[in-house]
1. List every residue whose amide H lies under 5 Å from the amide H of ARG50, counting only residues 5 or more places away in sequence or on a different chain, with H placed 1.01 Å from N in the peptide plane.
2. Measure out, as a whole number of angstrom, how far apart the alpha-carbon centroids of the range 62-109 and the range 170-211 sit.
3. Just subtract the alpha-carbon distance of GLU12 and ARG212 from 0.36 nm times their residue separation and send over the number in nm, one decimal.
4. Based solely on its DSSP helices, what 222 nm [θ] is calculated for the chain when runs of n ≥ 4 H residues each add -39,500 (n - 2.57) and the sum is averaged over all residues, nearest 500 deg cm²/dmol?
5. For THR14, what is the net charge nearby, where nearby means another residue's Cβ is under 10 Å from its Cβ and Lys, Arg count +1, Asp, Glu -1?
6. Among all stretches of the chain without exposed chymotrypsin sites (Phe, Trp or Tyr not before Pro) (DSSP loop, at most 16 other Cβ atoms within 10 Å), which one is longest?
7. Over the heavy atoms of MET59, what accessible area does a 1.4 Å probe trace out, to the nearest 10 Å²?
8. Can you tell me the orientation of helix 239-251 relative to the chain, as the angle in degrees between its alpha-carbon axis and the longest Cα principal axis, to the nearest 10?
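The values are calculated or read from the model by the stated rules, or taken from the named source; none is laboratory data. Predicted model only: the values in this text are computed from it and were never measured. Cβ placement follows ideal geometry from the backbone for every residue including glycine, while neighbour counts extend to all protein chains displayed. Remember, those area values only see protein heavy atoms, side chains included, never the ligands or the DNA or RNA. Shrake-Rupley method; radii C 1.70, N 1.55, O 1.52, S 1.80 Å.
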Amino acid sequence: VELFRKVGRRLELTDAGRTLVTRADELLTRVEEVEAELAAHAQHVRGIVRVGAFQTAAMALVLPAIERLPHPELHVELVEGEAEESLPMVIRGELDVAIAEEYEHAPRPRPPQLHREYLKPDQLVLALPRGHPATERDGPIALAALRHARWAAPRAPSAFADMVARLCRSVGGFEPDVRHRAYDLYLLIELVAVRGAVALLPALGRPERDPRIAVRPIADGEYTRALFVATRESDRARPSTAAVVRALREARPDAAAA
């Protein structure tokens, strides 16, 4: 059966080739399910589990989870990356577990190959330099009070950057004057502390531990992002994978299966 045909300088799959790819994916998925079931019967937790996580989750969840794993023959390999990279890598088998975030205005696709387990939502907080006029009083700060501030925000296009702009527009009633853009949480904190910027930051990253900045709730309401752990449906019963997910759930104890 002809699986490829030449089109110009490249090869493309024939209908038979596409059928073989689809069926091969199904077979490999079933093989992984059987392997996971056999490993579960063995009741021995060992091997390598590859975990993908964005920076904040890697620091606040993955590293504490690794520390509490009670299985000496189980090894975790961490790959830092945004969910846009790590979720497809789980589907392809390049990672076993991924931690991802999503926003109400930008839900992530739900491919059937992935199982999600939601963790406690991550609250968004305001970070301001010490001495900013809005910090003269204790307590939450209204976004509208920061309409004239210089902002530091994640790089666009990203769901986080879009969320910052949406909140400023819809809740604060202004277009944020974004002077700095960065993904790195610690760089954003530096921009607040050193350059006098204002930023919306995830509480998961514990920005209040930096004494140079003031961290306050948003007075206009509680705004969060969802956090979830993703595994392959065919692999999540494997003892090594399940042990890592359990450790992540204990690092963030309010998990709920979905």
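1. GLU77, ASP96, VAL97
2. The range 62-109 and the range 170-211 have Cα centres separated by 25 Å.
3. Computed gain between GLU12 and ARG212 is 66.2 nm.
4. It lands at -9500 deg cm²/dmol.
5. -1
6. For chymotrypsin sites (Phe, Trp or Tyr not before Pro) (loop position, at most 16 other Cβ atoms within 10 Å), the longest site-free span of the chain is 1-173.
7. Surface accessible to solvent at MET59 totals approximately 100 Å².
8. Orientation of helix 239-251: about 10 degrees from the principal axis.
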